[in-house]
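Each remark here refers to the structure printed beneath this line.
The values are calculated or read from the model by the stated rules, or taken from the named source; none is laboratory data. Note that this is a predicted model, so its numbers are computed, not measured. Cβ placement follows ideal geometry from the backbone for every residue including glycine, while neighbour counts extend to all protein chains displayed. Areas reflect the complete protein model, heavy atoms only, side chains present, ligands, DNA and RNA absent. Shrake-Rupley method; radii C 1.70, N 1.55, O 1.52, S 1.80 Å.
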Amino acid sequence: GDSVTQMEGPVTLSEEAFLTINCTYTATGYPSLFWYVQYPGEGLQLLLKATKADDKGSNKGFEATYRKETTSFHLEKGSVQVSDSAVYFCALSPFSGGYNKLIFGAGTRLAVHP
Amino acid sequence: DAMVIQNPRYQVTQFGKPVTLSCSQTLNHNVMYWYQQKSSQAPKLPFHYYDKDFNNEADTPDNFQSRRPNTSFCFLDIRSPGLGDAAMYLCATATGAGNEQFFGPGTRLTVL
């Protein structure tokens, strides 16, 4: 079945460091891909998305490119801040034609220190 | 502000004692979802409502049920909670297929 695999955390970085969180997926058809972020004590928030191959999603300095050939959707940011500390979830939505079911990865905790 | 609200944020129940978790939304979205997230694991979808149509995933435990009395509210009933049902339960809404899901803060369920 469809699945998402993320790199294990925690990822610990200094402020202004470069961030990469790897995400690969297994799916039939042409899924949409998402990154969600969960700050402490809050719900999941959509960070960015891409709906077809070679699309680049971007938001708040974060970017991810939908790579069909490598089945990947890696999250990157050029310069992280302490406020980026959170848990990041990669997710896919299979092409079902019916509803937007999300299949999540296990999440990667990011800790940024000054 | 339009939002998804889950109450309570923390719920403690005893083994085998029925428990109900609630979710409400002011977004007027057609679709409401319940996700179960166990510690350090990915959120998983037991079921969802598209309007009043209930959709069950194949591996949803038999002791999980859900009710949606109107557009705004959705309830998750666990008839006989076991220790394995302890988890964070996330409610989400969406306007329809292919659209962004909006999540509530979650309810953390502890089973003693």
Sequence neighbours fewer than 8 away in the same chain don't count; with that in mind, list the lysines whose C-alpha is under 24 Å from B:LYS52. A:LYS101, B:LYS44
Can you run phi through the Karplus equation (6.51, -1.76, 1.60; θ = phi - 60°) for segment B:12-20 and list ³J(HN,Hα) in whole Hz, with x for Gly and Pro? 10, 9, 9, 3, x, 8, x, 9, 10
With the 8 Å Cα cutoff and a minimum separation of six or more residues, chain B has a relative contact order in percent of 38
Listed by chain and number, the residues whose amide H is under 5 Å from that of A:HIS74, excluding neighbours fewer than 5 places away on the same chain and using placed H, are A:CYS23, A:THR65
Probe 1.4 Å, heavy atoms of protein chains only: per residue, the accessible area of chain B in Å² is 49
Given Cβ point charges of +1 (Lys, Arg) and -1 (Asp, Glu) and nothing else, what value in debye, to the nearest 20, does the dipole of chain B about its Cα centre take? 340
Given chain A, what whole percent of its Cα pairs are spread farther than 23 Å? 24
Peptide-level mean, for A:64-73, of C-beta atoms on other protein chains within 10 Å: 0
nm² value of the averaged projected area, convex hull over the Cα atoms of the protein assembly as shown: 12.4
Mind checking A:31-42 for the average number of partner chain beta-carbons within 10 Å of each residue's beta-carbon? 2
Given a cut-off of under 8 Å on Cα pairs at least six residues apart, what relative contact order in percent is computed for chain A? 37
Give the lysines whose C-alpha is closer than 24 Å to that of A:LYS77, dropping any in the same chain fewer than 8 places away, or say none. A:LYS49, A:LYS52, A:LYS56, A:LYS60, A:LYS68
If one computes P(r) from the Cα atoms of chain B, what percent of pairs lie at distances over 25 Å? 15
Could you tell me what % of all Cα pairs in segment B:35-89 have separations over 18 Å? 33
Carbon and sulfur %, accessible surface of segment B:6-53 computed with the full protein complex present, 1.4 Å: 45
About its Cα centre, what dipole magnitude does chain A give when the only charges are +1 on Lys and Arg Cβ and -1 on Asp and Glu Cβ, stated in debye to the nearest 20? 300
